[in-house]
Structures are given as structure tokens and as C-alpha cells.
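To start, the structure under review is shown below, and the notes come after it.
The values are calculated or read from the model by the stated rules, or taken from the named source; none is laboratory data. Source: prediction; values computed, not measured. So basically every Cβ, Gly included, is an ideal-geometry build from the backbone, and we count neighbours across all protein chains shown. For accessibility, only protein heavy atoms count, side chains too; no ligands or nucleic acids. Shrake-Rupley method; radii C 1.70, N 1.55, O 1.52, S 1.80 Å.
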Amino acid sequence: MKIGILGIGSYLPERILTNKEMESIVDTTDEWITSRTGIRERRIAADDEATSDLSYKAALKAIEDAGIDKDEIELVIVATTTPDYSMPSTAAIVQDKIGIRKAAAFDMEAACTGFVYALTTGYSFIKAGIYKKVLVIGADVFSRILDWEDRGTCILFGDGAGAAVLGEVETGGYLGGDLQADGAGAQELIVPSSGSRKPFREEVLTSRDQFVKMNGREIFKFAVRAFPETTAVSLEKAGLKIEDIDLFIPHQANIRIIESIAKRFKQPMEKFYVNLDKYGNTSAATIPIAIDEARNEGKIKKGDRLLLVGFGGGLTYGSCILEWSK
Ligand SMILES: CC(C)(COP(=O)(O)OP(=O)(O)OC[C@H]1O[C@@H](n2cnc3c(N)ncnc32)[C@H](O)[C@@H]1OP(=O)(O)O)[C@@H](O)C(=O)NCCC(=O)NCCS
């Protein structure tokens, strides 16, 4: 049985925060951000928008694109680092908002690799014969966990959501993939006060430990190491070579990471889909948003082979190769 994407959709909040506006928030410049990251602007969720709201809007588009009845969905997975609550799961809230009568629902935390993890999990449930149609969502409202006094992190991220309906396809679909983690690097990208290790107390406010802490240089080095490593595994599993990939859909973190990978793979930059200039790093949402936009721009045709590659906190990384079936 071939399993692939039946429908895709995405949602970005309306509010645009430009680099120029960033200059009035932290000690930075448009020139510094653009030259070091490629990011020009990002979207910020409205005060009353949480991760489930973004997820819901992306999911409705994916369901419509798939042309299925919502009640055919048997499992909802939301990959996110910024759930509405630690309990209940954001996936359960989304299941209710969509009005799916009977579906399992759970969240998945694999930071910026979340969508690749969720897609692989959804694929596996279908492959095992447990469910026929699975809704996978990558969504984050990072603006809520950013330290808006830390210029090393707050300039990088934005809010957004992307969703895909997985199911049986006639041609193509999932050809091979790989998931990995290196927990030894856990401290390099972390929200220290976000769980049982350091519960939220008054002193947390002074240390600002409720916000993202990142060792940017180490994460950069990790990304350029992890990307080719996981790509090699996926290519081997799919029995393909790098030249067989029609479009690379990399996690949108930094243009310099993508450029260095393109150079290493000896592939032209035109083969790498880039929209981080508009949205920054939307964490688990970058990859499904990119697939949706690339498809809408006519950059993905039936039979094209896409390589999705994610990396992020955990440290986690992973990839998969999909042959577009629609
Ligand atoms: C964060 C990142 C853009 C920093 O770029 P960099 O070239 O490594 O810059 P450095 O951290 O070496 O800092 C260089 C200087 O710029 C300064 N700087 C950092 N952020 C700045 C900002 N927003 N504006 C102006 N200056 C800034 C630093 O303080 C440092 O100054 P110093 O030399 O006086 O100490 C880069 O490391 C990066 O993108 N890393 C990967 C992060 C990532 O993708 N995370 C998510 C993964 S899922």
C-alpha cells in the first residue's frame, strides 16, 4: 500500500513584525538580521490566538484540499513546543474544534523536527493497518515563549501552522525516512522552566527561565552536521541519490544553513524552497507551510520527489522523502 499526503493547508497570523520594528524592541538592526539569518519579517499571533486556533485553521484547509469528510479522520497528531496547555493536549482541542466525532488525539514534542516526527508517526499508524486517515499538524506560537529582551533568539522565530491529511494514495507517497535524536545536546536549546524540572515560581521571573535559551553557534554547527547525516539515511532507505530529489523542503531556520547544505550537496539553491524571509522560524510549522506554499506556487508537480528535513531542540533531527501523488 502506498501512503502519502491527500491534502495540505497552512495558516499564518495576520500581524507582520518587520526587522525594522525589531530595532525598537532589542538592540539590533535590519541589516544584521537579514545578513546573518535571511529573515526580513515574521508573523505574530493575536492575543486571543493560541496554537489550537492556528492548527484548526490550517487543518480545515488540509481537509478541504484532501476532499474528504472530516469524520474519516481517525487520529489527530499535533507537533508543537507551545501547546495551549500541558493538559489537555492541543490535539484533543483541535479534534473538538473541527468537530471530528471519533478520533484519537495526542501531541508530539520534537521541537522544530516535530512535523517530520508527526508525519512519520501518522504514516506508521496507517502502514500498521490501525487507521486509514490521519491528520498531522505542525503548529507553534513561539512568540509566547521568546525572551523579547534577548536579541540572540527573539529575532529568529515567528508563529504559524501547517497541516496534512495522510492516507492511501495511488502513486508515490512516502518512499523512506529517518528520525534521530541526540539528547546529550538538550541544554543547547531549552525552555528551562516549562515542566517538572523547574516548576514556575516567582524566582523564575528573575532568571527569565520561562523563555527559550539557545546556544546559537552550537545549534548552527549541529544543523549543518545533522542535515546531511539524516538525508543520507533517507536516500538509502528510498534507494535514491541526491540528484533524484526535485525539491528540498528544509526546516526554515537560517538561510546560511540552507546555503551551506546546498553547497555541500552540490545542488543549486533553486532546488531549495525558502520562505524564511517572510515568516522566520515557525518551529514545527515550517515544513508543512513550505510544502503548501510551494504547491500553490506550482513548484510541486505529480511525481516530484520532495526531501523534507527537520532539526531542532532535543536535539532532534529527521527527514523523509515523499513522491507527490496529486
Ligand atoms: C543565532 C545566530 C543568527 C547568530 O549568528 P552568529 O553569526 O552565530 O552570531 P554570534 O552568536 O557569533 O554573535 C556575533 C555577534 O552578534 C551579536 N548579536 C547577536 N544577536 C544579534 C542581533 N539580533 N543583532 C545584533 N547583534 C547581535 C552577538 O552579541 C555577538 O556580538 P559580540 O561579537 O560583540 O559578542 C546563528 O548562530 C544561528 O542562526 N544559529 C542557529 C540558530 C537556529 O537556527 N536555531 C533554531 C534551530 S531549530
Which net charge results for the neighbourhood of Ser207, defined as the other residues with beta-carbon distances under 12 angstrom from its beta-carbon, given Lys and Arg at +1 and Asp and Glu at -1?
-> 0
Find the accessible area per residue for the stretch 257-322; the probe is 1.4 Å, ligands and nucleic acids are left out, and the unit is Å².
-> 33
Quick one: work out the % antiparallel among DSSP beta bridges in the stretch 175-323, nearest 5.
-> 75
Surrounding net charge for Ala164, when Lys and Arg each add one and Asp and Glu each subtract one, Cβ distance under 10 Å | -2
Proximal charge balance of Ala50 [Cβ under 15 Å; K/R count +1, D/E count -1] = -4
Relative to the compact globular guide of 2.2 N^0.38 Å, what is the alpha carbon radius of gyration of the chain, as a ratio?
-> 0.93
How much of the DSSP beta bridge set in the chain is antiparallel, as a percent to the nearest 5?
-> 70
When only DSSP loop residues count, what chymotrypsin sites (Phe, Trp or Tyr not before Pro) in the stretch 195-259 have their Cβ near at most 14 other Cβ atoms within 10 Å?
-> Phe200
Percent of alpha carbon pairs in the stretch 135-194 separated by more than 18 Å?
-> 61
Low-density loop cleavage sites - chymotrypsin sites (Phe, Trp or Tyr not before Pro) in the stretch 145-176, where at most 14 other Cβ are within 10 Å (DSSP) = Trp148
Report in % the part of the accessible area of the chain that belongs to carbon and sulfur, leaving out ligands and nucleic acids; probe 1.4 Å.
-> 49
Please report the relative contact order for the stretch 176-326, taking Cα pairs under 8 Å with a sequence separation of at least 6, and give it as a percent rounded to a whole number.
-> 35
Nearest-20 debye value, the stretch 1-124 charge dipole, Cβ charges on Lys, Arg, Asp, Glu = 400
Would you mind working out the accessible area per residue for the stretch 141-210, using a 1.4 Å probe, and quoting it in Å²?
-> 49
If you count, for each residue, the other Cβ atoms within 10 Å and average over each peptide, how do 257-270, 79-92 line up from highest to lowest?
-> 79-92, 257-270
